[in-house]
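The values are calculated or read from the model by the stated rules, or taken from the named source; none is laboratory data. Source: prediction; values computed, not measured. Every residue, glycine as well, gets a Cβ built from its backbone with ideal geometry; the counts of neighbours run over all protein chains shown.
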Amino acid sequence: MGAERLPMRRIREILQLRYGLGRSQREIARVCGMGSGTVSEYLGRAKQVGLVWPLPEDLDDAALEARLFPALEPGSERVPPDLGWIHEELKRAGVTLYLLWEEYRQAHPQGSYGYSQFCEHYRRWVRKVKPSMRQVHRAGEKTFIDFSGKRPHVVDPKTGEVIPVELFVAVLGASCYTYAEATATQKLQDWAAAHVRMVEYFGGSTELWVPDQLRSAVSRTCRYEPGINRSYQDLARHYGAVVLPARPYRAKDKAKVEAMVLVVQRWILARLRNHTFFSMVDINGVIGKLLEELNERPMQKIGKCRRELFEELDRPALKPLPIGRPEVSQWTTCRPNIDYHVVVDHHPYSVPYQLIDEEFEARFTSTVVEIFHNGQRLVSYRRRYDRQPTTLAEHMPSSHRAHAEWTPSRLIHWAEKTGPATGRFVAGILKTRPHPEQGYRACLGIMRLGRQYGDARLEAACKRAEHLRSYSYRTVNNILSSSQDRLPLDVRTSVSQATPTHDNIRGGDYYAATKEE
């Protein structure tokens, strides 16, 4: 115990509280004002040499000290613990300093340090190592993720424009095994795709993902309870991980990746400074080769490379990859317009008209759109990229549904059952409108006239209206209401009867005679 050794009076007090009064180690530590580890150390020594309470009356302080701390044999020295090995072993699941001290003491029974001195040696060693290594990260526990502030670039081969791109960096907490790639942007699609390639590079996923609070990761920034971007959360859940964003402006929360970003900038970006790349494939091909060299390079403080540590620590503890790649989805909140359609990425999709005042959530991928109401999936659609509405008949009111069941071809087919003139007239109505749907009501009105006047009269009225080239419901209705459909259809006779005699009206015969002259 060296300088840490307590006076024998305090040791007697510890033994009395434990064996005389039956107090727990935690209570003894609180009463005596010392650490529970120290209490455990002295009680362990007493048990090892068979001391119980009350102590023998003839056991003075010198004899008690000799029993508890036997002198080393002549020529023997204390064996220093392998502090680098201890630091790496602490990263394994369930490993504690006390367990490592017991193993150390079993390996060197006559020349080992006590537990408190063992811990003190380790703490002093850790303080000499760079601050980013002070945190002890368990194997398979955390992946730290960030973008580099310094960015590479590619050149557009057509225009020669220099386009800055992002550098995505991820590092495993226990082994410092690193992944890096260039992405076009920091937007959700690129962010998620980089994560998919990251876990495939690692061959599995850790329990926690620790990103910065960028927009692709969190929907609401907060030091204490940030809102996780739902799409990002779904991606993490697919791989069995939980998102734990670092606090804003707290670089120490992700010190591992902060340090590795600097390493990647020096090891990779610095080597790319004189290279020109014309595509993301080209630049990522070179980054991949330099990344392998980085992970194979021995670390000075540890004496091993990142790949060796990865194989020893993180790889056995990673969660296996699920079958198949996930399709990245996006979420949005939406409300229907008065036409009971919600707009998802500029395209309207129908929802039940009874829910026109409700709020919906939409989840969409490159192929599918799903509409949710109160957490339950209401309907799904094949995703479309035009702006013509997608409408389900069951979502419409009955009046709208009956109207929507009609199409131009169906209307013409119905009209032809009445007669060829009616069919041609309905087709003319639809053709003369800027949009066929604008003629639907007129066609349906003509259908009603057929029920009112009969098919024969309607056919005659449509034939007369066709000769007049007046394709409207009003024309047919006027012909039927005035019974003009009953008159013979003779254009020349009707014109001569309708044209009055007057000196200023020359007539067709005048122009025929003039032409002959």
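Scan region 77-110 for residues that are within 20 Å of CYS176 (Cα to Cα) and under 40 Å from the mean Cα position of the chain (by Cα) and jot them down.
Listed by number, the residues that qualify are GLY84, TRP85, ILE86, HIS87, GLU88, GLU89, LEU90, LYS91, ARG92, ALA93, GLY94, VAL95.
What are the pairs with Cβ atoms under 7 angstrom where one residue, in region 460-482, is at negative phi and the other, located anywhere, is part of a loop (DSSP other than H, G, I, E, B)? Sequence gap at least six, or different chains.
Partner pairs satisfying both residue conditions: LYS463/LEU489; ARG464/LEU489; HIS467/LEU489; THR475/LEU468.
Taking the condition in contact with a strand residue (DSSP E or B) (Cβ under 9 Å, 6 or more places away or on another chain) and either among the aliphatic types (A, V, I, L, M) or not assigned by TED's automatic domain parsing to the domain that holds HIS153 (or both), does VAL264 pass?
yes
With of a type outside the set (Phe, Trp, Tyr) and closer than 27 Å to ARG266 by Cα as the only criterion, which of ALA174, ALA107 stands out?
From the options ALA174, ALA107, the qualifying one is ALA174.
Filter region 197-222 for residues that are within 19 Å of GLU327 (Cα to Cα), part of a loop (DSSP other than H, G, I, E, B) and modelled with pLDDT of 90 or more and give the result.
GLY203, GLY204
Just to be sure before I move on: is PHE310 over 30 Å from LEU392 (Cβ atoms) and not aliphatic (A, V, I, L, M) in the structure I sent?
So PHE310 passes the test.
Quick one: which residue in ALA362, ALA415 is at pLDDT 85 or above, surrounded by 15 or more Cβ atoms within 10 Å (Cβ to Cβ), in contact with a Cys (Cβ under 9 Å, 6 or more places away or on another chain) and assigned to a strand (DSSP E or B)?
It is ALA362.
Name the residues in region 165-190 that are aromatic (Phe, Trp, Tyr) and closer than 20 Å to SER279 by Cβ, would you?
PHE168
If you take just the helices (runs of 4 or more DSSP H) that sit entirely in region 235-321, which of them hold at least 1 residues that are over 30 Å from LYS158 (Cα atoms), touching a helix residue (DSSP H, G or I) at 6+ places or on another chain (Cβ under 6 Å) and modelled with pLDDT of 90 or more?
Helices (runs of 4 or more DSSP H) meeting the threshold: 280-296, 306-309.
Does LEU64 meet the test of being modelled with pLDDT under 85, more than 51 Å from the chain's Cα centre (by Cα), outside the structural domain of ARG306 (by TED's automatic domain parsing) and surrounded by 14 or more Cβ atoms within 10 Å (Cβ to Cβ)?
Against the criterion (modelled with pLDDT under 85, more than 51 Å from the chain's Cα centre (by Cα), outside the structural domain of ARG306 (by TED's automatic domain parsing) and surrounded by 14 or more Cβ atoms within 10 Å (Cβ to Cβ)), LEU64 qualifies.
Looking only at region 8-33, count every residue that is closer than 23 Å to PHE118 by Cα and free of Cβ contacts under 8 Å to residues at least 12 places away in the same chain and tell me the total.
Number of matching residues: 4.
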